[in-house]
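The structure appears right after this line, and notes come after that.
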There are 2 protein chains.
Amino acid sequence: MKKLINDPKNVVAESLDGLELAHGDILRVHRDPDFIVRADAPVQGKVGIVSGGGSGHEPLHGGFVGYGMLSAAVPGAVFTSPTPDPIVEATKAVDGGAGVLHIVKNYTGDVLNFETAAELAEAEGITVKSVIIDDDVAVQDSTYTAGRRGVAGTVFVEKIVGAAAEQGADLDAVVELAQRVNANVRTMGVALTACIVPHAGVPSFDLPEDEIEIGIGLHGEPGRERIKLEPVDVIVDRMLDPILSDLPFASGDRVAVLVNGMGGTPLIELYIALRRVGQVLEEKGISVLRTLVGNFTTSLEMQGMSISVLRLDDEMIELYDAPVQTAALRWGR
Amino acid sequence: MKKLINDPKNVVAESLDGLELAHGDILRVHRDPDFIVRADAPVQGKVGIVSGGGSGHEPLHGGFVGYGMLSAAVPGAVFTSPTPDPIVEATKAVDGGAGVLHIVKNYTGDVLNFETAAELAEAEGITVKSVIIDDDVAVQDSTYTAGRRGVAGTVFVEKIVGAAAEQGADLDAVVELAQRVNANVRTMGVALTACIVPHAGVPSFDLPEDEIEIGIGLHGEPGRERIKLEPVDVIVDRMLDPILSDLPFASGDRVAVLVNGMGGTPLIELYIALRRVGQVLEEKGISVLRTLVGNFTTSLEMQGMSISVLRLDDEMIELYDAPVQTAALRWGR
């Protein structure tokens, strides 16, 4: 295992030191318990937006803390759900009297711990609502999940809901919007290689030198099928098919597309993939109004990508375009 | 070789299709010859800023085309200098009557081809000046370079010089500023793994499973030494030593730091490295005023990073903070 780390057990804590050094104008890192919070939290009268989950998917979620997006992010150990305690403390730290939304990717540990945290925060007088994100169309149930997994579509939810909260939407409106974005986004991933979790020290799964796995999960959970490597245009078609037929997307739809790198795939390849996504959607009469290309929801150094397609409505477009200032996503992207 | 590509010989052209689809509001891709140009080029009365070089280092340079940074970028084949022809055409496309600056990383092929292009453009009545970037302190001469190599410090040059041109600085002022930034920035890289150039199909060099190479070049050119993997804090110290002693940086200096991923290293590791950079500079009485952390000048999927330190003056700070709207670098970062 070759990684730029010190002691594997300090990876998350030391990374948070660097995050705070780099972005102290945007966020603060709270210690013991560890969470990341907007520098100006709590914002009085504004709904707090909290997300979190296992580390190793950076910039998700800490890179999305800031004006117009998340109020706080709670990082667990690598690929490990955060415990309830930091979630409770993050919830309290962002409570401005208007309630707090938890955005939870659908993994059993995350769901349970956010649920417990919500109950504990409610017991302290904070109104908490939760929305579960389950955008991955690859498989119905998975290693750490009952139902569908929550993956890169979470970025769209956090951006759009964060903008609404910034503009003064109340808790019920923010919950409805989060559910609506989740209901309109579909994602599918592919892995070319596994990644190595620092405290494990070995690859998260075995993949032969000439094979790829379609529908892989963010933690290397099994996907739909292993196939021989094919040209990326063919791979994109294989991924778009289940995405488009699931909602289903239809001619006339306006969409945002996220071509998301899993961490170890060059940007040049992601743009080649976007090219094919654009061709396919154009053929189907679907308009690509917005795009994001880059590493937004990663699996450490895994080579691969995911494609997310979000069906937009007028409100979502306006909120998508609203100002945002976070470490990983800035105004105008 | 597992990559998300179609035919290796179409990698750059197809990637440019994706780039234009994603960022058509910011840039246009000119075809035959291929270059990337600001959507609003030429801007009358403004100095044009052109850079370029082999592809495979994305987002450099195309991701930095836009308001407040580059006027155009000329991508060669992967790890291959662009020929003079597209450089000439890009130069003409951005000429607004105030002259054009070429920002050239110090590789023999780049230097020669930009020189030829400058002569051809001058013959057509455009005033062209060139500044050679050579920020890499690792080695004096290298595989493709006489003198020091130009690496990630180029990002600082492009940002600061681009801002000055946007604010109306004339060609002489822009040249002086580019030289000043280059004279004040120092960079050093480290590789944990090699990368695979698509049309080559094999790793760019061999590196044993337990070794890293300090001082690696952007194309896998030899560095200073191969050592056994060490904790990242030790690696950072080894890299900062030659960086800081070279200028030399001194107590009281104000600096910007770029911790640049080579493409395949997780963000979480780059932040751990930044943490150590911050500790060392603080011990030495050097103030870190600005930071960039992420993949800015890559070597395809290489695992590793580079550290750049730029000594700032008041003018550079103001220009560093000036608005920018490009694919890879946006206002506020």
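The values are calculated or read from the model by the stated rules, or taken from the named source; none is laboratory data. This is a predicted model, so every value here is computed, not measured. Cβ: placed from backbone, ideal geometry, glycine included. Neighbour counts: every protein chain shown. Just so you know, the surface numbers come from the protein's heavy atoms only, side chains and all, with ligands and any DNA or RNA stripped out. Shrake-Rupley method; radii C 1.70, N 1.55, O 1.52, S 1.80 Å.
B:G48 meets all of the listed conditions (1) buried (at least 24 other Cβ atoms within 10 Å of the Cβ); (2) within 13 Å of chain A (Cβ to nearest Cβ) but one, namely (2).
Here A:L281 meets the list (1) within 28 Å of A:G54 (Cβ to Cβ); (2) open to solvent by less than 40 Å² (accessible area, probe 1.4 Å) almost entirely, failing just condition (1). Quick check, is B:V94 of a type in the set (V, I, T), within 14 Å of chain A (Cβ to nearest Cβ), open to solvent by less than 20 Å² (accessible area, probe 1.4 Å) and touching a Pro at 6+ places or on another chain (Cβ under 7 Å)? In short, no. Looking at (1) modelled with pLDDT of 95 or more; (2) more than 10 Å from chain B (Cβ to nearest Cβ); (3) open to solvent by less than 30 Å² (accessible area, probe 1.4 Å), can you tell me which one A:G220 breaks? Every listed condition holds for A:G220 apart from (1).
Please go through region A:199-213 and give me each residue that is buried (at least 20 other Cβ atoms within 10 Å of the Cβ) and at pLDDT 95 or above, ordered by number. Hits for region A:199-213 are A:I212, A:E213.
For A:N6, the conditions (1) in contact (Cβ under 8 Å) with a residue 24 or more places away in the chain; (2) within 14 Å of chain B (Cβ to nearest Cβ); (3) part of a loop (DSSP other than H, G, I, E, B); (4) not aliphatic (A, V, I, L, M) are fulfilled apart from (1).
Scanning region B:165-186 for residues that are within 17 Å of B:V100 (Cα to Cα) and open to solvent by less than 10 Å² (accessible area, probe 1.4 Å) turns up B:A165, B:V174, B:L177, B:A178. Looking at A:R330, A:R238, just one residue is of a type in the set (K, R) and open to solvent by less than 40 Å² (accessible area, probe 1.4 Å), and that residue is A:R330.
Does B:M316 satisfy the condition of being within 30 Å of B:G24 (Cα to Cα) and open to solvent by less than 40 Å² (accessible area, probe 1.4 Å)?
On the way: within 30 Å of B:G24 (Cα to Cα): yes; open to solvent by less than 40 Å² (accessible area, probe 1.4 Å): yes.
So B:M316 passes the test.
Before we move on, is B:E282 over 20 Å from the mean Cα position of the chain (by Cα) and more than 28 Å from B:L312 (Cα to Cα)? So B:E282 fails the test.
Within region A:12-26, residues that are at the interface with chain B (Cβ under 7 Å from one of its Cβ atoms) and within 16 Å of A:A72 (Cβ to Cβ) reach partners that are in a helix (DSSP H, G or I) and hydroxyl-bearing (S, T, Y) with beta carbons closer than 9 Å, at six or more positions or on different chains, in the pairs A:L19/B:Y271. Scanning region A:113-128 for residues that are surrounded by fewer than 23 Cβ atoms within 10 Å (Cβ to Cβ) and in a helix (DSSP H, G or I) gives A:E115, A:T116, A:E119, A:L120, A:E122, A:A123. Of all the numbered requirements in (1) polar (S, T, N, Q); (2) open to solvent by 20 Å² or more (accessible area, probe 1.4 Å); (3) more than 8 Å from chain B (Cβ to nearest Cβ), A:T297 misses one, and that requirement is (2).
Which residues, taken from region A:249-275, are more than 8 Å from chain B (Cβ to nearest Cβ) and open to solvent by 40 Å² or more (accessible area, probe 1.4 Å)? Across region A:249-275, the qualifying residues are A:A250, A:S251, A:G252, A:R254. When B:H57 is tested against (1) within 13 Å of chain A (Cβ to nearest Cβ); (2) buried (at least 24 other Cβ atoms within 10 Å of the Cβ); (3) in a helix (DSSP H, G or I), just one condition goes unmet, and that condition is (3).
Working only within region A:300-319, note down all residues that are facing chain B (nearest Cβ under 8 Å) and more than 22 Å from A:P231 (Cα to Cα). A:L300, the sole residue that qualifies.
Criterion applied to A:A322, A:A328 was being at the interface with another protein chain (Cβ under 10 Å from one of its Cβ atoms) and in contact (Cβ under 8 Å) with a residue 24 or more places away in the chain, and the one residue passing it is A:A328.
Residue under question is B:D110, and the condition is that it be open to solvent by 20 Å² or more (accessible area, probe 1.4 Å), of a type in the set (D, E) and away from chain A (no Cβ under 11 Å); does it hold?
Judged against the criteria, B:D110 is not a match.
Residues are listed down the side, and each one gets a yes or a no for (1) away from chain A (no Cβ under 14 Å); (2) at pLDDT 95 or above; (3) over 30 Å from B:P203 (Cα atoms):
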residue	(1), (2), (3)
B:V43	yes, yes, yes
B:G66	no, yes, yes
B:P82	yes, yes, no
B:I87	yes, yes, no
